[in-house]
Amino acid sequence: MNIEFSAEDEIFRRQVQTFLAEALSPEMQRDVERTTTVFADKDVAMQWQAQLVDQGWAVPAWPVEHGGVAWTANQKYIWGQECAKARAPSLIPLGLRMLAPVLFRYGTPEQKAEYLPKILSGEHYWCQGYSEPGSGSDLSSLKTSAVKDGDDYIVNGTKIWTTHAHFADHIFCLVRTDTNVKPQAGITFLLMPMDLPGIKVDPIITMADDHEVNQVFFDDVRVPQSYRVGPENEGWTVAKYLLEFERGGGGATPGIYESLKSLKEIASREKAGGQPLIEDAAFAGRIAELEIRTDALQLQELMTLEKLSSGGSPGPASSLAKNTSVEINQALSELRLEAVHYYGMPNANKISLNGHTESWVSEDYSETAMARYLNGRAASVFGGSREVQKNIIAKAVLGL
């Protein structure tokens with residue numbers, strides 16, 4: 001599928017290509033190839049963020065007055081395309097793409113002045129405190145409490161599956177401030193430094209043997225009420241707005257197209273029955289189906305980028321984008337694992353990363369096949385489960 005870009009867009013594309021060729025090191029690109037988790041390696045991502053800040057291109061979706069770039073929707077999409085092609089690290093989205101839009105809409109002038117510059121510079125590294133044991137997809141049932149005590153809240157409870165909490169110095173968190181109303185009406189959105197007394201982080205090791213997520217405990221943590229974003233007991237509205245950006249505020253298709261290209265290359269090298277796997281009609285047909293679905297998703301993402309360029313939000317269509325991109329990526333990881341067959345053993349990536357140079361795998365692309373497959377299973381749940389997204393689509397998009 002070809003999207004028509006103007007002559008000005010193509011001039012911009014060449015500028016982006018020149019910048020990426022000069023700014024990206026081979027080490028950065030190699031790290032991206034070996035990444036098996038949702039987020040890029042923290043040190044690499046922060047190094048790349050610093051380079052983009054210097055260039056003025058770190059946050060193209062932000063308002064210009066806060067450091068954003070006055071790019072068109074097409075230019076934003078071209079930026080995503082070229083970054084994917086060049087194997088640029090993904091920036092950590094928790095502060096830049098999730099919390100920042102919330103602060104733009106709901107933050108006080110003081111909160112914007114305090115947090116936005118530090119999010120942009122990388123001085124603050126954020127994590128997200130939403131899910132709890134027993135309150136994941138049913139987020140409105142969360143139990144972490146915040147009780148007023150003078151000018152503070154006293155917070156008690158726990159959050160789970162907290163991505164990069166072991167790196168973060170701040171957390172944005174949903175807490176229950178009223179138990180005498182319907183569940184959604186008693187939730188408040190709080191910001192907290194992670195070094196407050198009473199906060200503890202325990203690691204959770206995934207099936208892919210990655211330390212990406214954690215459980216965070218709050219034991220009589222004293223948090224100033226000035227750290228609240230939005231009115232008390234209206235955090236559910238703030239949280240839903242943030243989730244629009246987590247689920248569908250960015251462009252997934254540039255990366256998917258690169259994954260499809262990589263899969264075709266692998267299938268051209270690996271053989272089945274003595275012939276290249278890409279020549280197997282059934283296997284090739286499954287790739288073609290994913291290409292068609294990606295083309296459809298690309299059109300939706302371009303419409304979303306147009307909305308964002310006009311100051312809007314992704315809206316409920318973000319749920320459709322989330323489900324579709326997850327399903328495509330999971331199918332891609334499954335096909336990749338099938339293509340490398342027995343070389344996709346569970347510990348191939350770990351063995352390689354620990355410095356072993358023996359020929360454990362047939363090709364470099366086999367190293368991450370199993371770990372990416374396993375890690376990708378969680379995508380059906382995090383950011384709102386597939387079933388929850390379907391309910392949102394049925395109600396808010398289809399009007400059922």
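What follows is calculated from the coordinates using simple rules that are stated; it is not laboratory data. These numbers come from a predicted model, not from an experiment. Here the Cβ positions follow ideal geometry from the backbone for every residue, glycine too, while neighbour counts run over all protein chains shown.
Computed quantities for the displayed model
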quantity	calculated
The stretch 126-238: proportion of alpha-carbon pairs further apart than 18 angstrom, %	45
Förster radius 22 Å - calculated FRET efficiency between Glu123 and Ser226, Cβ distance, rounded to 0.05	0.70
Signed unit charges on C-beta, dipole axis of the chain, positive-most listed residue Ser380, Gln15, Phe5	Ser380
The stretch 65-133 - Rg (one decimal) and Dmax (whole number), Cα, Å	14.3, 42
Gain in span if fully extended, Asp169 to Met303, counting 0.36 nm per residue against the direct Cα distance	44.7 nm
Dipole-positive endmost among Gln29, Gly56, Ala70 within the stretch 7-91 (Cβ charges, Cα centre)	Gln29
Distance cut-off 40 Å, percentage of C-alpha pairs in the chain lying past it	17
Of Thr206, Pro231, Thr144, farthest towards positive along the dipole that unit charges on Lys, Arg, Asp, Glu beta carbons give the stretch 126-238	Pro231
